[in-house]
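Take a look at the structure set out below.
The values are calculated or read from the model by the stated rules, or taken from the named source; none is laboratory data. Keep in mind it's a predicted model, so treat the numbers as computed, not measured. No Cβ is skipped: glycine too gets one built from the backbone with ideal geometry, and neighbour counts run over all protein chains shown. We work out accessible area using only protein heavy atoms, side chains counted, and drop any ligands, DNA or RNA first. Shrake-Rupley method; radii C 1.70, N 1.55, O 1.52, S 1.80 Å.
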Amino acid sequence: MESSVPLAKRFGRNVWRSRRRADLTQDELARLIELSRVDIGAVERGERLPRLDTILKLAAGTETSTCALLDGLRWRPGYYVEGDFYIDDGSKPAAADERAA
């Protein structure tokens, strides 16, 4: 069974975790990377997916890797979930005939 967590929510959880590990408030991170606190909150709640330049800023601001922010997000050709991405929950993907059912 595939995870039902949407891509944006999974990414937001990763940002939230990284920010907390860096011991930063949303406001502190926002000032550090020149975004608004509202934008940080929207990303963390999974309401918004940031652009690549913002992902790089989030990684730098939280002193983490972009890989940590993208942890658990995978793309597989021919398999579609939330924005053409597969959310990795650790289980094996279903065979093509199982997905079609």
Scanning segment 1-31 for residues that are among the β-branched types (Val, Ile, Thr) and modelled with pLDDT of 95 or more gives 15, 25
Residues that are touching a Gly at 6+ places or on another chain (Cβ under 8 Å) and surrounded by 16 or more Cβ atoms within 10 Å (Cβ to Cβ), drawn from segment 33-48:
33, 43, 44, 46
Those residues of segment 49-58 that are out of contact with any Ser or Thr (no Cβ under 9 Å at 6 or more places or on another chain) and either open to solvent by less than 20 Å² (accessible area, probe 1.4 Å) or not aliphatic (A, V, I, L, M) (or both) come to a total of 5
Would you mind telling me which numbered condition in (1) part of a helix (DSSP H, G or I); (2) surrounded by fewer than 17 Cβ atoms within 10 Å (Cβ to Cβ); (3) not aliphatic (A, V, I, L, M) residue 16 fails?
(2)
Filtering segment 19-63 for residues that are outside any helix (DSSP H, G or I) and either in contact (Cβ under 8 Å) with a residue 24 or more places away in the chain or not small (Gly, Ala, Ser) (or both) leaves a count of 15
Which numbered condition trips up residue 97, out of (1) loosely packed, with under 13 Cβ neighbours inside 10 Å; (2) modelled with pLDDT of 55 or more?
(2)
